[in-house]
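One structure is given here, and the rest of the page talks about it.
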Amino acid sequence: MSVRNAENSINFAIESILDQTYSNFEFLILDDYSTDNTYKILEKYQNIDNRIKLFNNDINLGLTRSLNILIKYSKGDFIARQDADDYSLPLRLEKQIEYIEKYKVDGCTTKTFFKNSIKTTPYLSRLLNKKLILLYKNPFIHGTLLINKEVLKNIGNYDESFYYAQDYKLMSDLVNSNKKVGILKRPLYILNTENNISTNKRAEQAYFAKCVQKKLNP
Amino acid sequence: MKKKIQRLVRLINILFFKKNLPEKISLYFHDIDGETFKSIKHLIAIFRYQGYKFVSTTEFNNRLNYNTEKIISLSFDDGFKTWKNLLSFFDQNDITVTFFINSIIFTNEDKSSYLRRIGDHQHNDIMSIDDLQLLIKSKHEIGAHTHSHYICKSLSDDELRKEIDKNIQIFKQFEIEPSTFAIPFGMRRYIKQNQIHILKEYFKVICFGEPGMQFRQKPGLIERSPWIVDEDYKFNLNNISTDTHYFNYLFRRSGLG
C-alpha cells in the first residue's frame, strides 16, 4: 500500500488488512511524502503489528513509482494491493488465494461495493472478454488486485511512464501478455470514490487511459 | 421445499424492493460465540468506515429525526453469560449498546421451558447475577424482554401485564428502570396490536425484530434486523437495504426469509 495524506482513512484501511482471515502476509506500507499526520499513524501501527513494514519517500514520487518500490522490497510470492482510503472485507485475501489455486490463474481482482452504497462494480464487464473490454475500459479494481509476483516481474512491473492510470496499463500489459487474471463474483472490498486521485484528477486519468487504449506512450 | 420457496421470495423481494443503505440501522444478536464476536467487530469497523456512529436503543430512538446522521444501534436479547466478553471491546471502542433481558434468569423458578424457548440453551449458557452486575456497572442500556420469554400473542392481556410487571419488579431490585422493551421472538406476528398499546403504557420504546423493515423506523417503535453471522456482508446488506414492509404486513412473514 502506498499512501499520501490519508490521515482520516488510513486506520480503516490498515485494520481491514490486519483483520483478514488469511493472516500469513507481510504488510508493506510506503508513505509517499505525506504532509499530514499519516506517517505518525503508520508508526503507531508498525509498533503494534510486526507484519507491518514501513517505508517512506523523501520526495513525492507518485503512486506508480511507489508501488514499484514496494514490489522490490516485498518477500512474498504474491502481491496484494490495498488503497489507503478503501476497505477490504475480512475474507478478501482468503477467497482470492482460494480462487487463484482453484482456477490456476496468475492473479485476480474482486467485485467491490462503493462506499456508503449497496451498488457494486464491475457489473457486466466482469463477464466479457478481458482483451476486448480493455480496449474501452478497465474492469479490474486496482485496490483488489492479488497477483503472482513473478508474473508481475516478467512484464516489468508497473510502467513508470504512466503517472496516472497505471492500473489500466498494468492490467492491459498482463492480459495482452496472455496472463490469466480473473474477477471474483463476490464483492470483497469497499471502494471510496470521493476525493481521491481518480475523481480529483479526472482529465489526467482520462488522458493516460486514452494512451493505454491507443497503445501510446504518454 | 419450504427453504426453496423462502429463497425465491427473498430473491424477488431483493430484485424489486432493494433501496440503498439506510441512515438509521438497528441490529440485534443473541448468544455471542467466538465467530459472532468476530462478526460484530467486523461490522463495527465496516460501518464506522462508512461514517456510522453506534448508539443505544434510546439514543437511536431520540435521534431518528436527525435526517442526515448515520447511526446504528446494536442490541442483544435474552440474557447470556457470553455478553460480558463484549464489554471491554465496547469500552475500548466507545460503543454503547442495549441488552434486553428476561428476568426469570435471576429467580429460583424452573427454567427448563424458558431455556427451550430461547433456543435449546443449557442452564450454564445464561447469565448470573454477577454478570448482570457487570452490565449494570457498564454504561450500556438494559431493557426489558418480559419475565419468561413467552410469545406475547399466546398470553392474555392480563398475563402479558403480569410478565411485564414481574420483569420490572425484579429489575427494580437491581435498580434498573427500563424504558425500552424488545418483543420476544421479534416478529410482528407474535404480538397483537392491542398488546403493543399495553407495552406503550410501560415503555418509551418498543423494539421488533425482523429483516426488511429498516426503512420503517418510527419514534417509539424500532425495527431491528438480525445480523446473520453465518452469512457474508452482502447477504446482511441485502437484509438491511431491502424494504419488504408490504410483504411483511400482508403475509405476516419476513420477505427476506
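Read-outs throughout are calculated quantities, based only on the coordinates presented, and are distinct from any laboratory measurement. Because the structure is predicted, anything quoted here is derived from the model rather than measured. In this analysis, Cβ positions are derived from the backbone assuming ideal geometry, glycine residues included, and neighbour counts consider all displayed protein chains.
A few remarks follow.
- Taking the DSSP beta bridges with both ends in the range B:2-251, the antiparallel portion is around 10 percent.
- Backbone geometry of the range B:18-27 corresponds, through the Karplus equation with coefficients 6.51, -1.76 and 1.60 at θ = phi - 60°, to 3J(HN,Hα) couplings of 6, 10, 9, 6, x, 7, 10, 10, 10, 10 Hz, x marking Gly and Pro.
- Highest to lowest packing among A:37-43, A:166-172, scored as the average C-beta count within 10 Å: A:166-172, A:37-43
- At 1.002 mPa s and 20 °C, Stokes D of chain B from Kirkwood alpha-carbon radius, µm² per second: 115 µm²/s
- When each of A:K104/A:K179; A:K115/B:K234; B:K137/B:K162; B:K41/B:K234; B:K2/B:K153 is checked by Cα-Cα distance, pairs over 18 Å: B:K137/B:K162; B:K2/B:K153
- Cα gyration tensor, the range B:1-94 - rounded (a/c under 1.5), prolate or oblate: oblate
- Remark: mean inter-chain Cβ contacts per residue of B:41-50 equal 5, using a 10 Å Cβ-Cβ cutoff to other protein chain atoms.
- Legend: residue pairs B:K38/B:K70; A:K169/A:K215; B:K53/B:K204, Cα-Cα distance threshold 19 Å; pairs beyond threshold, B:K38/B:K70; B:K53/B:K204.
- Normalised Debye scattering of the protein assembly as shown at q = 0.06, 0.14 Å⁻¹ gives log10 I(q)/I(0) of -0.33, -1.29, counting only Cα atoms as equal scatterers and leaving out solvent.
- Inter-centroid distance (Cα atoms) of the range A:2-72 relative to the range B:192-220, Å: 46 Å
- Over chain B, DSSP H runs of length four or greater, each weighted -39,500 (n - 2.57), average out per residue to a 222 nm ellipticity of -12000 deg cm²/dmol.
- The range B:112-257 - share of DSSP beta bridges that are antiparallel (%, nearest 5): 10 percent
- Chain B: DSSP helices with Cα axial extent of at least 20 Å and average Kyte-Doolittle hydropathy no lower than -1.0: B:2-17, B:34-49
- Among A:F113, B:F247, B:F89, the order by Cβ neighbours within 10 angstrom, fewest to most, reads B:F89, B:F247, A:F113.
- Counted over chain A, the DSSP beta bridges are approximately 40% antiparallel.
- Longest site-free stretch - chain B; sites: GluC sites (Glu not before Pro), DSSP loop, at most 16 other Cβ within 10 Å: B:1-68
- Over chain A: helical MRE at 222 nm, DSSP H runs n ≥ 4 each giving -39500 (n - 2.57), nearest 500: -10500 deg cm²/dmol
- The GluC sites (Glu not before Pro) found in the range A:121-203 that occupy coil by DSSP, while having at most 13 further C-beta atoms within 10 Å, are A:E194.
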